[in-house]
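Worksheet: one structure, shown below.
Read-outs throughout are calculated quantities, based only on the coordinates presented, and are distinct from any laboratory measurement. Because the structure is a prediction, the values reported are computed rather than measured. Cβ placement follows ideal geometry from the backbone for every residue including glycine, while neighbour counts extend to all protein chains displayed.
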Amino acid sequence: MMAQTRPAFLLVDDDFRLFSGGYGCFCPLHLAAFNQQMGTSFDRDSLMAALQKEDAESRRVGEAWTALLLESLDSLARIVRARIDDTDPHLPCGYCAPMDGAGSQVFTAPIVCTPLPRSFGCLGT
């Protein structure tokens, strides 16, 4: 819908993320997808407990959980880009990347968004 207003560019807010000092989203959809993928039956509490351990199995679970969440962000990012392209495939779309790392690369992939220059802490520019 925003692309239909024909702006010079679009900028996705940095709140498009699943990690912000924690372990991500534990909604029923993510838990179901994870359990199906892993052949497990975690609920929020049991997965959280596993993610807080430091043994090899817990690290494997944590890596798989992070990968699943990043894939869900990537999938949504591609849908956003496709909807923009429906209106104007040349419309640049940037991302206000947070400094917390995980997930920030999703919107910076060239297939999803056009990189836009950004200055931090510069007022009036």
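Of the peptides 75-87, 32-44, how do they stack up when ordered by the mean number of other Cβ atoms within 10 Å, highest first?
Packing proxy ranking, top to bottom: 75-87, 32-44.
Set the Förster distance to 35 Å, then compute FRET efficiency between Asp55 and Arg78 from the Cβ-Cβ distance, nearest 0.05.
Taking R0 as 35 Å, the efficiency between Asp55 and Arg78 is 0.50.
Would you mind calculating the gained length between Ala64 and Leu29 on full extension (0.36 nm times residue separation, minus the Cα-Cα distance), in nm to one decimal? If you can, show how the numbers build up before the last one.
Details: separation 35, 0.36 × 35 = 12.60 nm, distance 1.54 nm.
The Ala64-Leu29 span can extend by a further 11.1 nm.
Which residues' amide hydrogens lie under 5 Å from the amide hydrogen of Phe16, considering only partners 5 or more residues apart or on another chain, with H built in the peptide plane?
Amide H neighbours of Phe16: none.
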